[in-house]
Every structure is written in C-alpha cells, then in structure tokens.
Amino acid sequence: MKSYVPKKRTGAAALATMLLLSGAGLLQSCEKDELVGQPSWLGNSIYERLQEEGNYNYTLRLIDDLDQTSVLSQTGSKTLFVAEDKVYEDFFKSNTWGVRKYEDLTSAQKKLLFNSAMVNNAYLVELLSNVSGNPPSEGQCMRRETAASVFDSISRIYPAEMPNTEFWAKYKDKKEGIVLLRDNTTKPMIHFLPAYMKLNKITDSDLAVLTNGVSTSAQDAWVNGKKLVERDITCKNGYIQKVEGLPTASDNMAAIVHSHSNMSRFASLLDRFCAPYYDEAATKEYNRLYNNTDSVFTLKYFSSTSNTSQYGASTGGELNTDPDGNLVDAMLSFDPGWNQYMYTNTAGFDLHYDAGAMLAPTNAALDFWWNHDGKVLQDLYGAWENVPMQVLVKLLDINLISSFSETVPSKFNNILDNTTKVALGVKAEDVDSCFMGCNGVVYMLNRVYSPASYSSVSFPALVNEETMNVIYWAIKNLEFEPYLNSMDAYYSFIIPTNTSMLTYLDPCTYGTSNPILYEFYYDFDRKTVKAHRYYYDMVNHCKQEGARQLSDATDTQIANRLTDMLDNLIIVGNIEDGHTYYKTKGGSVVKVENAGREGVMKIYGGLQVEEGLSNVTVQTIYDQTTSGNGKSRTS
C-alpha cells in the first residue's frame, strides 16, 4: 500500500514527511547538505541508525542472518518496528517457543520475528491509519499486510495434537504427522491508532479493556498488542517505530484460544468444525522453497464466511463440505482461523477496515453453565463431545462477532443473539482478559451466554434430530427460527415427527378428484428435505392402490408446502387455557381436547373435524415457559 501525504499538514513530523517524499534539495541550506545530496536532518539508513543507537543488536543480527542488510542500508522504503535488546533478553528467559538464547532460534523463527515487524512502505504513525486511495480513507485502517510469508511459520501437526474427530481420523496413524498451514494467508499487522479510534468512537475505557488495563488513553498507539513508545524515527529509507514488547505477529483468534489452557474447552468445541484440506498450490511452493516432497494441508473451519482459496489467494465464501467433498452437518458463521477474515459487505471494505471478535468463555465458566443453564444438554447427551454439531453451533455462533469496531466494550449492547437480534447483555465486567489477534480480538469471558435457540419452543425439534429433522430443516431454512426464538410472545407449537411428515395431505387439493399426499423425508447426503408425491384415496384414506406415483416435489413446492404447514402449527397463545378452538398463525383453526395431559391430549385439524378422521394424540409436552417462550407438543 502506498502512503499518502496531504497537501496541508502541520508539525515537524508532517513537514519532514513532505520534504522526504517531495525531494531532498528543498532544504539544502548549507554546504554539507549540498555535497551529500540530502538534508542533514534526514539521518542515516534504518540499518545505520540501529547501529548508532547501540541497543538493537538482536534486531541487527536478524537483519544480517536473513540477508536484509543491503535492503535496510541502501534501498527500499520501509517501516520497521523494533524492540531494544533487553526485550529480547526477557523473551529468552521465558517463552512458549522453548528458545533460551538467540542461537536457538530456527531460520523460520527468525523470519517470523523480522518479517512480521516490517511493512514494505514508509509510514508515519498517523498515516498508518489511512487506507490508500484517491482520496485516501483517513483514519479507517486497523490492519495491513507485512513482509511476512505464510511459509515463515509452517509446521507439522502430530497425531497427539490432532482433534479427535472424523475429519482428522485418516491422519491419526501417521507418526510423522502432516505439514500444516494454520492458514494459507499471511498474518496482517493489527494496530489501534489514535485516528482510527477517534473515527470509530473507541474510548479510553475501551482501550483499557483491550489492553488489560495497561493503557487508559486512546491517544496511545498499539501494534500487534504492543505499545509504541517512540514514534517516527526518520531515516533516509523509511521509519523506525519502537515498541514496548517483542513485535511478533499476532495469532488468529482460533490459535489464541488454543494457546491458553484456561480456554481449552472452548478450543476443543471449535475443533469439531475444522479439518485439514490438501493445498496443491502450497505444496508446490513449499517443496520448491525447501526442496522437499511433502504434501501441505491448510487448516480450515466449516463456515458461512471462510477462506475458500488455496495458497496465493484470499477469497471469502461458504465452506460447507469436508475434505472428501461431503456436506457437513453445520457451519460456523465465519472462520476464526482465517488470518485475513473480513465480513461480507457491499461497501467494498477489505481487511484494512475492520476485523472480527470472539467471546471465549473460560473452562470454569463453561463447566458452570454445563451444570446449570446448559443442564438440558448434559441430560440429553451426557458429554460435550456427544452434542451434535447442529446443536453445538448455536452456542458457538453467538460467541463469534462479525465486526470488531461495532462491538468494542462501550458498544457491547450491539452484540446480539444470532436469530432474535436481541442484545445478549454482555458487560465489560464479564471480560477476564483480552487478546489482540491478527483477524480480531478475543475477549476471554467469565460467563456463558445461552442462545435463544436453547429456550425456544423449537428446541425439541433441534435436539431430536433423528425423529424431527424434517420439520427442523423447515424451521431453519424457511426463516421461522427468528420468529420462534422471539421471547416477546408465548407460543404453542405443534411439532410433527418424521413419521407424521410421511402423511401430509396437501390442503390445496382438498375437494378435487385427485388429492395429493406428500411423503417428506430428510436426504442425509444432500442435507436437505425431499418429498415423494402420490394420489390419495379419500374414501379409504390411503394412497390410491396401484396409482402412478407422481413426480417428486420440486424445491419450490417443498418450500411452499412446508411454509404453509408451519404457519398452521404455530398458535400465538396458550392452548391449555380452557378453550376448545384456537386460531393458528396461518389463519386456520385447531380443536383441542384434554389440554395439558400427555397421552390423552388430542388436537384436530380442520379436515379431521370435517371428515371425522382420527385426531393427533399428544405424547410429549415440552415446557419452555420457565426461561423460554411457551410449550411444544409432539405426537
């Protein structure tokens, strides 16, 4: 990205930048400047300036070892983020890499330290907040790419580290593991700078939460979770920006929760939705660089917004199939492991403008929830690993926040339930710690928020996937979920089982010579609902004997009939309040007898009343009134 210099600016740093980029001869006011060909105030190169300072020896060793000496001595236009030697010495005393001295660093680790701290252009701190353009988008940039390569941090994953899911099973017997990219896009630098925070109304108190109390002023500048302590050191080939800690690249949100032991439970739940995908482009490049013959895989999460590309591209799209091409049972709202994640938008915003956020409960918070508000799941499934993906995804998705800038602590009321669009009620005091990632911010929480789906009258259809997955597919895909999850009304919901869905008589064909029967069923391969159709014998109340089977229902017919069915299975109000007849959401009428008594409660539809047909006997009543919005009944 090219830097932008406005026509009118004030201050010494601004003036220096204008003159640096517009030509050195404008300020040559003494004989020495004329002889050298550049103003004396401009200073030496980045490399020479670090040598002069005398306390950046580790940075200089990195530059030399990675053959970057000439780049930072003579050529190019760079911005380098650096730390003093003492920072490195403290790092060697304690770090997760197991490195105790500079000589222990591998070539890959050296590349990671250096390349992720260098931007391939010269930027003043205040210009880092601009997205290039004509005119530039001032104060709108929070992320930008660095000189890093995805191959700076490539590693192997061994069987003991692999998730215990079906998607990893085929690699569990490989003792040597597999070469794995945690993502096949580079990690961008994430920075919170004054101009960006002012534009996005990020307050002093917000920054205090984001920095775990270290900073209390939105005038501070932060890069990859490290505070800038000296800005805009001007050199003839760019700028040096001094940071308080080691300027390493930030992990993505998925990697962050995996790196903290007190978020390991949440990490294991996310693991249910990931798989290794063979990456042909990465394989070719990796083997070219390192003269190997390995296969390279990329870790990806099944999600509605995912990096669907191979190495060398970054394209967002839906990833709904496993590595073998089979449709998965459920997808996250976005991929928390995609380094360059950006939500889908029509404004043309890319990774520069925003990032995501994640609410990650601690192990203690999840354990407490499992034994209290989540006890219904515990009773149904016994253990976390037994909770089906389509049930679990409801809990995970309310913790994946698409936009960081719109949900900082002062805007926590913008964090909504995915279906009801009602605020979850997240508070700043719920945050235990905060971690800045390259694709968003992780808020480690000391509590769990339950999705409305777990309190809704549709919950029985969600959890009884073997017997009610046909009607639940309709609830989810025909946009009834937000309606049924609303906590502002009381619903009586009649839930037909899969068996009942085999005998749906199309009311649109009542009174015709050839009424039509639908047999709805769930297609497990395509993860959708299909339907056979037959002519129906209204005299004997069965499929016409020997009748030609009609063509299967089209997707449009299925959606139309299921929408009508759901409209007439929902009653707004309590059908146990003593009346006999109740009007449905769709405008039809149902008759109720023996209300509230399992095994003897009877419900009649209009055709059953008119034709004297057998009623529906309610076998199970699910009471969701305590923390939810009504009662559900199944036959």
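The values are calculated or read from the model by the stated rules, or taken from the named source; none is laboratory data. This is a predicted model, so every value here is computed, not measured. No Cβ is skipped: glycine too gets one built from the backbone with ideal geometry, and neighbour counts run over all protein chains shown. Please note that ligands, DNA and RNA were not included when accessible areas were found on the heavy atoms of the full protein model with its side chains. Shrake-Rupley method; radii C 1.70, N 1.55, O 1.52, S 1.80 Å.
Annotations for the structure displayed:
- Fully extended contour minus Cα-Cα distance, from K421 to Q74, at 0.36 nm per residue: 119.4 nm
- FRET efficiency for the pair E466 and L607, taken as 1/(1 + (r/R0)^6) with r the Cβ-Cβ distance and R0 = 25 Å, rounds to 0.30.
- Hydrodynamic radius of segment 458-566 per Kirkwood, over alpha carbon pairs, in Å: 14.9
- The chain - percent of accessible surface contributed by carbon and sulfur, probe 1.4 Å: 47
- FRET efficiency estimate (nearest 0.05) - Cβ-Cβ, F368 to E545, R0 51 angstrom: 0.30
- Its Cα gyration tensor gives segment 487-635 an equivalent ellipsoid; the semi-axes, largest first and in whole Å, are 28, 19, 13.
- Of all beta bridges that DSSP places with both ends in the chain, some 75 percent have antiparallel geometry.
- Note on A347 and E176: the extension gain reaches 57.0 nm, defined as 0.36 nm multiplied by sequence separation minus the Cα-Cα distance.
- Database remark: amide H of D354 closer than 5 angstrom to the amide H of M142 (H placed geometrically; neighbours at sequence offset of 5 or more, or on other chains; Pro and chain starts carry no H).
- Each residue of segment 551-566 is assigned a 3J(HN,Hα), and the resulting list reads 5, 4, 5, 6, 4, 5, 5, 4, 4, 5, 6, 5, 4, 4, 4, 5 Hz, derived from the Karplus form 6.51 cos²θ - 1.76 cosθ + 1.60 (θ = phi - 60°), x at Gly and Pro.
- Straight-distance candidates among the lysines for linking to K427, with alpha-carbon spacing under 20 Å and chain neighbours fewer than 8 residues away dropped: K201, K411.
- A cut-off under 11 angstrom between Cβ atoms defines the neighbours of M197, and their net charge, with Lys, Arg +1 and Asp, Glu -1, is -1.
- Eigen-decomposition of the gyration tensor built on the alpha-carbon atoms of the chain gives equivalent ellipsoid semi-axes of 59, 25, 23 angstrom, largest listed first.
- Nonlocal amide H pairs with C235, under 5 Å, H built at 1.01 Å: I240
- Pair-distance distribution of segment 483-532: all C-alpha pairs, bin width 5 Å, starting at 0; shares per bin in whole percent are 4, 16, 16, 16, 17, 16, 10, 3, 1.
- Compactness check for segment 380-464: Cα Rg over 2.2 N^0.38 Å is 1.19.
- Over the residues of the chain, the helix contribution to mean residue ellipticity at 222 nm works out to -7000 deg cm²/dmol, using -39500 (n - 2.57) for each DSSP H run of at least 4.
- Bridgeable lysines around K585 (alpha carbons under 25 Å apart, same-chain partners fewer than 8 residues away excluded): K421, K476, K530, K602, K631.
- Rounded FRET efficiency, nearest 0.05, which uses the C-beta distance separating N120 from N291 and R0 of 45 Å: 0.95
- For segment 513-583, the alpha-carbon radius of gyration amounts to 1.45 times the rule-of-thumb value 2.2 N^0.38 Å expected for a compact globular protein.
- Backbone geometry of segment 188-194 corresponds, through the Karplus equation with coefficients 6.51, -1.76 and 1.60 at θ = phi - 60°, to 3J(HN,Hα) couplings of x, 6, 10, 9, 10, 10, x Hz, x marking Gly and Pro.
- Residue-normalised convex hull volume from the C-alpha trace of segment 316-460: 137 Å³ per residue.
- Calculated from backbone phi, Karplus (6.51, -1.76, 1.60) coupling profile of segment 473-482 in Hz, x at Gly/Pro: 4, 5, 4, 6, 8, 10, 6, 8, 4, x
- Model label sites at V214 and T503, defined 7 Å from Cα along the beta-carbon direction, differ in position by 6.8 nm.
- Long-range HN-HN contacts of T186 with modeled amide H, under 5 Å: none
- Solvent-accessible area per residue in the chain equals 44 Å², computed with a 1.4 angstrom probe and all protein chains kept.
- Placing dummy labels 7 Å off each Cα toward the beta-carbon, the span from V376 to D552 is 3.4 nm.
- Each residue of segment 150-231 gets 169 Å³ once the volume of the Cα convex hull is shared out per residue.
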